[in-house]
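The values are calculated or read from the model by the stated rules, or taken from the named source; none is laboratory data. Every value quoted in this text rests on a predicted model; they were computed, and no experiment measured them. Because the Cβ atoms are built from the backbone with ideal geometry, glycine has one as well, and the counts that use them run over all protein chains shown. Just the protein is used for accessible areas: all its heavy atoms, side chains included, with ligands, DNA and RNA removed. Shrake-Rupley method; radii C 1.70, N 1.55, O 1.52, S 1.80 Å.
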Amino acid sequence: MRIPGYAGFARGSLGVLGLVLGLVGPAAAEEAAVPDKWEMIKQSMFAGRNIDENAANVLELDTPSRAEDSAVVPIAIRTKLGQDPASYVKKVYLVIDNNPSPVGAIFTFTPDSGRADIETRVRIEEYTNVRAIAETSDGKLYMTTNYVKASGGCSAPAGKDLEESMARIGKMKFRLDGEVKPGEPTLAQLMISHPNLSGLAMDQVTRLFTPAQFVRKIDVTYGGKPVMSAEVDFTISENPNLRFYFVPREPGELKAEVVDSNQLRFESSIQVRPGATAGS
């Protein structure tokens with residue numbers, strides 16, 4: 001499923017809301033569209049499907065109520081269902097209603113994920129509802145929602161020297177947390193060096209917008225089998241950082257393949273051994 005992203009809209013529009021403004025005019029849209037924004041997103045993504053919106057027994061979303069830095073907002077999505085081949089969480093959708101690109105990420109999991117949990121850091125442009133929606137292998141949908149106070153994250157300038165960031169683009173590092181036990185979920189962290197430019201930030205010297213360039217697709221495999229993939233965009237903060245699980249049933253290679261919006265491709269891998277400890 002294609003994520004609605006910045007590339008699909010003219011600069012200055014606001015994703016789904018931008019379409020409404022173009023149809024009914026700014027004054028009417030401001031009053032009529034904003035309260036219905038989630039309904040529009042839901043109709044576009046899940047038309048005609050029922051979503052359980054009281055899913056605390058299935059899904060947990062951990063966010064700050066007020067962000068310290070709107071360009072680096074920590075988010076953790078934890079599911080409480082198992083990853084049995086007969087019934088498991090297949091996808092987790094991250095929706096930030098008031099962001100320029102509301103659908104910030106779609107994560108895909110398999111039984112080899114062990115747990116359909118994900119932690120990352122995101123940009124938030126204005127006060128908004130943040131939603132995590134889990135889709136199980138039988139097609140059921142569950143949602144939990146938090147309200148987060150943050151503003152300016154998507155249009156904020158890069159936090160580090162851009163020239164230095166571009167020189168390091170695509171460098172990646174894995175980290176494993178805790179002992180690797182065969183057949184049990186192991187927590188892994190993938191760190192990607194990439195400025196993840198939104199195209200919405202103005203260079204304070206030239207007064208020009210820095211062109212967008214951001215990570216678009218992440219595929220992680222273990223022993224050649226998929227364990228986690230993500231369709232993402234500039235909603236993910238500079239230098240994308242993801243924590244997820246995989247099940248090492250035997251020694252093998254944990255590998256990440258990344259593609260950005262300029263079609264640059266990057267790869268990184270580590271060998272995983274039973275008994276390996278944190279920091280490996």
Requested in this report: Identify, by number, the condition in (1) touching a Lys or Arg at 6+ places or on another chain (Cβ under 9 Å); (2) modelled with pLDDT under 95; (3) closer than 30 Å to Asp84 by Cβ; (4) not polar (S, T, N, Q) that Ala188 doesn't meet.
Outcome: (2)
**Report entry** Val58 being farther than 17 Å from Thr145 by Cα and open to solvent by less than 70 Å² (accessible area, probe 1.4 Å)
**Finding:** no
Query raised in the report: Among the residues of region 32-42, is any at pLDDT below 50 and aromatic (Phe, Trp, Tyr)?
Result: no
Requested in this report: Run Gly82 past the list (1) at pLDDT below 95; (2) open to solvent by 60 Å² or more (accessible area, probe 1.4 Å) and report the number of the one that doesn't hold.
Outcome: (2)
Query raised in the report: Out of all the residues in region 169-194, which are assigned to a loop (DSSP other than H, G, I, E, B), within 12 Å of Ala256 (Cβ to Cβ) and open to solvent by 60 Å² or more (accessible area, probe 1.4 Å)?
Result: Lys171
**Report entry** Residue satisfying all of: in region 212-235; in contact (Cβ under 8 Å) with a residue 60 or more places away in the chain and of a type in the set (S, T, N, Q); least open to solvent (accessible area, probe 1.4 Å) among these
**Finding:** Thr235
Report summary line: Of (1) farther than 17 Å from Thr128 by Cβ; (2) modelled with pLDDT of 95 or more, Gly48 satisfies every one except (2)
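Please find, among Glu250, Glu238, the residue that is of a type outside the set (A, V, I, L, M, F, W, C), within 22 Å of Gly159 (Cβ to Cβ), assigned to a loop (DSSP other than H, G, I, E, B) and touching a residue at least 40 places away in the same chain (Cβ under 8 Å). First the steps, then the outcome.
Details: Glu250 fails: within 22 Å of Gly159 (Cβ to Cβ).
Selected residue: Glu238, the only one of Glu250, Glu238 that is of a type outside the set (A, V, I, L, M, F, W, C), within 22 Å of Gly159 (Cβ to Cβ), assigned to a loop (DSSP other than H, G, I, E, B) and touching a residue at least 40 places away in the same chain (Cβ under 8 Å).
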Report task. Just need a number here: residues in region 52-74 that are part of a loop (DSSP other than H, G, I, E, B), in contact with a Pro (Cβ under 9 Å, 6 or more places away or on another chain) and either more than 22 Å from Gly152 (Cβ to Cβ) or not small (Gly, Ala, Ser) (or both). Result -> 2
Query raised in the report: So Leu21 clears everything in (1) at pLDDT 50 or above; (2) surrounded by fewer than 19 Cβ atoms within 10 Å (Cβ to Cβ); (3) over 22 Å from Arg121 (Cα atoms) except one condition, right? Which one?
Result: (1)
Query raised in the report: Has region 186-207 got at least one residue that is touching a Ser or Thr at 6+ places or on another chain (Cβ under 6 Å) and acidic (Asp, Glu)?
Result: yes
**Report entry** Hits in region 236-265 (condition: open to solvent by 10 Å² or more (accessible area, probe 1.4 Å), over 17 Å from Thr221 (Cα atoms) and not acidic (Asp, Glu))
**Finding:** Asn239, Ser261, Asn262, Gln263, Leu264
